[in-house]
Amino acid sequence: MESLKIIKKIPFIHCAKGPDACEECSIAQAKGLSFALIRVYLRERTSARPTTEVYVGCRRVVGEYDIIKRFKSKDDAKKYAIKHRIEITFD
């Protein structure tokens, strides 16, 4: 499966239903955003997963993702990105 790893701000989530349909997602969303190392799948998948937008070269891709690791701070995320040569987005 084609995928890429990237670090970006991601909301806390519970399931793919989202906060409007799931009470636990609503509770998770209240935590806000945090930097996370995620694996974004570049091809369509059949399972219900959350999606995010990433850029591969100049091409915009909306792909499903899995969270691999959450970081406690922006600095921790930056250090990890530098050490492991992983792209990080700050928007």
Checklist outcome for this item: For 35, 90, 12, ascending order of other Cβ atoms within 10 Å (fewest first) is 90, 12, 35
Checklist entry - Which of the cysteines in the chain are isolated, no other cysteine C-beta under 4.7 Å? => result 15, 58
Checklist entry - When we measure straight from the Cα of residue 31, which lysines land under 24 angstrom away, once same-chain ones fewer than 8 places off are left out? => result 5, 8, 9, 17, 69, 72, 74, 78, 79
Next on the checklist: Check which residues have an amide H placed less than 5 Å from residue 3's amide H, if you skip close sequence neighbours.
Outcome noted: 42
Checklist entry - Which is farthest toward the positive dipole end of the chain among 15, 33, 48, measuring Cα position about the Cα centre, with Cβ charges +1 (Lys, Arg) and -1 (Asp, Glu)? => result 33
Next on the checklist: Restricting the calculation to Cα positions, tell me the Rg (one decimal) and the Dmax (whole number) of region 3-84 in Å.
Outcome noted: 13.4, 39
Checklist entry - Most exposed first by the Cβ proxy, i.e. fewest other Cβ within 10 Å, how do 52, 89 rank? => result 89, 52
Checklist entry - Of the GluC sites (Glu not before Pro) in region 19-59, which ones lie in a loop per DSSP and count no more than 12 other C-beta atoms within 10 Å? => result 44
Item to check | region 19-32 - phi-based ³J(HN,Hα) in whole Hz, Karplus 6.51/-1.76/1.60, Gly and Pro as x | outcome: x, 6, 10, 9, 5, 5, 5, 5, 5, 5, 4, 5, 6, x
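Bear in mind these aren't lab numbers, they're just calculated from the coordinates by the rules spelled out. As the structure is a computational prediction, the values presented were derived from the model and not from experiment. When we count neighbours, we look across all protein chains shown, and the Cβ atoms used for this are built from the backbone with ideal geometry, even at glycine.
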